[in-house]
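The values are calculated or read from the model by the stated rules, or taken from the named source; none is laboratory data. No experiment lies behind these values; they were computed from the predicted model shown. Here the Cβ positions follow ideal geometry from the backbone for every residue, glycine too, while neighbour counts run over all protein chains shown. For the accessible areas, the whole protein counts, side chains as well, though only heavy atoms, and no ligand, DNA or RNA atoms are used. Shrake-Rupley method; radii C 1.70, N 1.55, O 1.52, S 1.80 Å.
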Amino acid sequence: MIINAEKLNFKDLNNIIKHSDDKTINITDCIGQRYIASGLSEKNIFIKGTPGNALGSYLNGSNITVLANVQDAVGDTMNEGKIYVHGSSGDAAGYAMRGGKIFIKGNAGYRTGIHMKSYRDKLPVIVIGGSAGSFLGEYQAGGIIIVLGINSDYDPPVGYFCAAGMYGGKIYLRCNNPPKDIPSQINAHIADKNDLREIESYIDEFCVEFNFNKDKIFSHNFYVLTPNAQNQYKQLYIDN
């Protein structure tokens, strides 16, 4: 199915997608319609244009490819599936996501991965090709965030308050120096072979989708941020 979204209200567009029997849907001339594919399962959606806020919110197994930028809250609380963004994202990408993967070719705004968590066998992953804004991984409780810093002028390629309140999961930063302002409850170390092996499949997928050279990416140092045993927030939470 091909949908020209130029004159469609976001509710009308989402109703067409929801009630279509087609597994593959191509959307053209997207102009900021919100909640596209919210809660959707088992479909492949390709979007030309710029979708609005909350693209793929509560996504439950569909795959979404956007050939442009996305706005705020992409993948909000997503459960399963994949979102590929061939441009950059606004703020709060992957907010509270508990499964699935988001790949962003360019940069990500503020508060990417905030409240991101793992749930039983689900492991959410966000890979950012460029840089990320402040509060990356704020209150992160699980999952993996990777920032590659490709074409970034910053080392590390993140803003202020990275990993603030983090009490689970990992953040990988491709850089020569860890953030200077990471909290005392966070450990930072240079990634070893086991660390790099953990993220290799995600980097593979990123490189295939966006046509980057994997060897060149892995030729650079990575730092890994994890909460330490003295994390003051850890005692407030229990394992699922």
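Of note:
- Scanning the range 139-151 turns up at least one residue that is on the phi > 0 side of the Ramachandran plot, among the aromatic types (Phe, Trp, Tyr) and open to solvent by 20 Å² or more (accessible area, probe 1.4 Å).
- Scanning the range 42-60 for residues that are closer than 23 Å to His115 by Cα and open to solvent by 30 Å² or more (accessible area, probe 1.4 Å) yields Asn53, Tyr58, Asn60.
- Restricted to the range 57-99, and to residues there that are touching a Ser or Thr at 6+ places or on another chain (Cβ under 8 Å) and of a type in the set (Ser, Thr, Tyr), the residue that is nearest to Phe206 (Cα to Cα) is Tyr84.
- Looking only at the range 71-123, residues that are of a type in the set (A, V, I, L, M, F, W, C), outside any loop (DSSP other than H, G, I, E, B) and either modelled with pLDDT under 95 or surrounded by fewer than 24 Cβ atoms within 10 Å (Cβ to Cβ) (or both) come to 1 in all.
- Among the strands (runs of 3 or more DSSP E) confined to the range 159-235, the ones with at least 3 residues that are open to solvent by less than 30 Å² (accessible area, probe 1.4 Å) and either under 16 Å from Ile146 (Cα atoms) or not hydroxyl-bearing (Ser, Thr, Tyr) (or both) are located at 168-174, 222-227.
- The range 46-64: number of residues that are under 14 Å from the mean Cα position of the chain (by Cα), closer than 11 Å to Tyr84 by Cα and free of Cβ contacts under 8 Å to residues at least 24 places away in the same chain: 1
- The range 2-26, subset among the aliphatic types (A, V, I, L, M) and part of a strand (DSSP E or B), residue most open to solvent (accessible area, probe 1.4 Å): Ile2
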